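Asker: Here's a structure for you.
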Amino acid sequence: MYQFTPNLQGFLLPHTIHNIRLLLRLGIPVQKLNMALFGLTAKDWRDTNPDKKGNIRDYANVSQLVCLSNLENLNALFINDDMSQKERLEKLNKIAIDQMRILIDNKSVKRIGLEK
């Protein structure tokens, strides 16, 4: 895991998940998507930010929400294709990294001021 900023603005590029076995123990699919993109579960975020209301997604920026929506759709397709959880998580994490890299560097996103 890595250092996490409370407002998610300092965190844009996901890190590669190295402990897939630990992640597979998470029973809730949305938590796996949170790990793939944010690198922590909603509970981890709440424990780190007890003064914040809502959840981790409420503090995500536009690029992160776009990426998360894409990951949700891809996860459904991967499940439909009978892909193993381990393979899905590895792919989703790599896709999250690639998509966030593209969104961070997107001049149109920067121009309209949605990202800092």
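The values are calculated or read from the model by the stated rules, or taken from the named source; none is laboratory data. Fair warning: this is a prediction, and the values are worked out from it, not measured in the lab. Using ideal geometry, Cβ is built from the backbone for each residue, glycine included, and neighbour counts are taken over all protein chains shown.
Asker: Please go through the range 40-67 and give me each residue that is buried (at least 20 other Cβ atoms within 10 Å of the Cβ) and either within 16 Å of LYS94 (Cα to Cα) or among the acidic types (Asp, Glu) (or both), ordered by number.
Answerer: GLN64, CYS67
Asker: Hey, another quick one. Inspect all residues belonging to the range 4-15 and state whether any of them is out of contact with any strand residue (DSSP E or B) (no Cβ under 8 Å at 6 or more places or on another chain), at pLDDT 80 or above and not charged (D, E, K, R).
Answerer: No, there is no match, as no residue in the range 4-15 is out of contact with any strand residue (DSSP E or B) (no Cβ under 8 Å at 6 or more places or on another chain), at pLDDT 80 or above and not charged (D, E, K, R).
Asker: Select from the range 74-103 the residues that are closer than 17 Å to ALA60 by Cα, surrounded by 14 or more Cβ atoms within 10 Å (Cβ to Cβ) and aliphatic (A, V, I, L, M) and write down the one among them that is modelled with the lowest pLDDT.
Answerer: Applying the filter and picking the extreme gives LEU103.
Asker: Would you mention how many residues in the range 31-56 are in contact with an Asp or Glu (Cβ under 9 Å, 6 or more places away or on another chain) and farther than 25 Å from GLN99 by Cα?
Answerer: Residues that pass the stated criteria total 1.
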